[in-house]
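The values are calculated or read from the model by the stated rules, or taken from the named source; none is laboratory data. Model, not experiment: these values are computed from the prediction. When we count neighbours, we look across all protein chains shown, and the Cβ atoms used for this are built from the backbone with ideal geometry, even at glycine.
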Amino acid sequence: MSVVRKACVIGAGFGGLALAIRLQSAGIETTLVEARDKPGGRAYVWQRDGFTFDAGPTVITDPGCLAELWSLSGQHLTGDVDLIPVDPFYRLSWPDGTSFDYGNDEDKLRREIERVAPGDYPGYRDFLAYSAGVYRDGYLKLGATPFLDFASMVRAAPALLRHQAWRSVYSVVSGFVESERLRQALSFHTLLVGGNPMTASAIYALIHKLERDGGVWWARGGTNRLVAGMVALFERLGGTLRLGDPVDRIITEGRRVMGVATRSGWRRGFDAVASNADLVHSYRDLLGRTERGRRQARSLAKKRWSPSLFVVHFGIKGAWPGIPHHSILFGPRYKGLLDDIYDKGILPQDFSIYLHHPSVTDPSVAPPGHSTFYALIPVAHLGKLPVDWSVVGPELEKRVLDEVGRRLIPDIHARIVTKFHYAPDDFASDLGAHLGSAFSLEPVLTQSAYFRAHNRDDVLRNLYFVGAGTHPGAGIPGVVASAKATAGLMLEDLAK
Ligand SMILES: Cc1cc2nc3c(=O)[nH]c(=O)nc-3n(C[C@H](O)[C@H](O)[C@H](O)COP(=O)(O)OP(=O)(O)OC[C@H]3O[C@@H](n4cnc5c(N)ncnc54)[C@H](O)[C@@H]3O)c2cc1C
């Protein structure tokens, strides 16, 4: 009779949940231990005054990578989650009132490009072909590959060279189109995974094709319903979710991990442990008694970390059918603003805002006659911008709301029913995020693939990692792909 193997996944973010589902689907007895009172990680949720406020991801792309988690056990995502297509994908607008709707209807898109960037449509088509090539090689072929040794990087080198991975997304886009506005429209996506369009590897231009092919979706009821669907699937498969009990320590013996101990005193032995928690937190705090833990934490802390975010959540009176689900309100500067956030650590006077308006697609997230929004701006992480957020936060919240008021909702302050903000120090305290980074390690070529955290630790042979700090990186499709890579390794090792 074969022995049932036991695994622990620390952290119920999208990566942790996807990994736990894969392990449990393969017959590994899996326990998912989450520090907070609710699963989801960056995709946490608050209910306030009848409004549903999703904390993080709102743009659901590549639904196929999610559906695959259900199909592993012959089930269907549609049984647990209702995904609704969002069109346009985004409305991009600039301070002079110009706007550009972007989606995957080719005729509409051509008309929009010809209006905003006359003469650039052929260049756009060439960019789309480039993006398709990177998507095929970088995402479909290598997205779920564990880069454990340098040889794996060498094998990927021809593809990286072919797609000029050493260049930035903005530089590659600029080679295809002339209009500065279209350059911004085709390069801003790296910000959604923590990357500066001016320095993130051109490989991330694949996001454009990913969206064009797979569409942009919304989970009815909010991203929290997708998280709930994943939890329901995991529990139906027989997995155990332990909430509200942070892991304090990963127990080791020599080069092996033996189990975990939590803050409440709970302690269990496991054949394998995977961490979905922040990388520095995992090595420095959970493995702080080991030489390996201390050394890795020091080395990781020296790397480039993605910026943080400042998010203002607000529920207001009235319906706003004219404001689409996803808008980007570009400010007067693009590169200068990115320099302030990524390099100088300055809190800028001007912003580019991502405005989320889910109630326009899904009225269930607001009381009747009301609307739910969040306004998000990237800000430098706590290492570059060590301000007192309890002082800066309320002032910045007002400035962000003023800007949304100026651009879209003139009497915004009078309409507000409820509001609150989420700042870099909240990412640090709630999620254990190093420097309050919203997306873990910055996605630059020198921190990608083999140069990112490995899915299996190099020394502790049954310790694994999953999530934004591992290859291919942040974003739901990224962390779900990392779960596939990590599960592959774990299942192979556990079968030995
Ligand atoms: C505001 C915002 C908007 C975003 N928008 C999008 C978007 O529109 N589309 C998109 O695809 N991506 C988006 N992203 C990125 C995406 O949300 C993240 O990259 C992804 O969700 C990270 O998943 P993860 O698996 O790395 O885990 P995380 O979400 O980081 O979860 C890690 C989990 O580990 C837990 N944990 C930490 N320490 C311990 C411990 N000691 N014991 C137990 N548990 C522990 C944490 O509580 C947390 O639940 C956004 C991110 C943010 C912050």
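Structure data summary
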| item | result |
| --- | --- |
| Within segment 29-50, tally of residues that are buried (at least 22 other Cβ atoms within 10 Å of the Cβ), hydrophobic (A, V, I, L, M, F, W, C) and more than 8 Å from the ligand (Cβ to nearest atom) | 1 |
| Members of segment 358-368 found to be surrounded by fewer than 21 Cβ atoms within 10 Å (Cβ to Cβ) and outside any helix (DSSP H, G or I), listed by number | Thr361, Asp362, Pro367, Pro368 |
| Flag if Gly64 is within 17 Å of the chain's Cα centre (by Cα), in contact (Cβ under 8 Å) with a residue 60 or more places away in the chain and either more than 9 Å from the ligand (Cβ to nearest atom) or outside any loop (DSSP other than H, G, I, E, B) (or both) | yes |
| Scan of segment 292-345 for residues that are part of a loop (DSSP other than H, G, I, E, B), of a type in the set (Lys, Arg) and without any contact (Cβ under 8 Å) to a residue 24 or more places away in the chain, ordered by number | Lys302, Arg333 |
| Residues of segment 184-211 satisfying the condition of being of a type in the set (S, T, N, Q), outside any loop (DSSP other than H, G, I, E, B) and in contact with a helix residue (DSSP H, G or I) (Cβ under 7 Å, 6 or more places away or on another chain) | Ser187, Thr190, Ser201 |
| Segment 455-468: number of residues that are more than 19 Å from Val260 (Cβ to Cβ) and either modelled with pLDDT under 95 or within 14 Å of the ligand (Cβ to nearest atom) (or both) | 1 |
| Residue within segment 97-115 that is hydrophobic (A, V, I, L, M, F, W, C), in a helix (DSSP H, G or I) and in contact (Cβ under 8 Å) with a residue 60 or more places away in the chain present | yes |
| Test result for Ala423, without any contact (Cβ under 8 Å) to a residue 40 or more places away in the chain and more than 11 Å from the ligand (Cβ to nearest atom) | no |
| Options Gly221, Gly238, Gly214; residue that is surrounded by fewer than 19 Cβ atoms within 10 Å (Cβ to Cβ) and under 25 Å from Val365 (Cα atoms) | Gly214 |
| Index of the failed condition, Asp245 passing every other in (1) within 12 Å of the ligand (Cβ to nearest atom); (2) not in a loop (DSSP other than H, G, I, E, B) | (2) |
| First in segment 1-24 and modelled with pLDDT under 95, second anywhere and not in a helix (DSSP H, G or I), Cβ under 8 Å, 6 or more apart | Val4/Gly27; Val4/Ile28; Val4/Glu29 |
| Neighbours by Cβ (under 8 Å, 6+ apart or cross-chain): first from segment 239-257, touching a residue at least 60 places away in the same chain (Cβ under 8 Å) and basic (Lys, Arg); second assigned to a loop (DSSP other than H, G, I, E, B) and surrounded by 17 or more Cβ atoms within 10 Å (Cβ to Cβ) | Arg242/Glu34; Arg255/Leu460; Arg256/Leu460; Arg256/Asn462 |
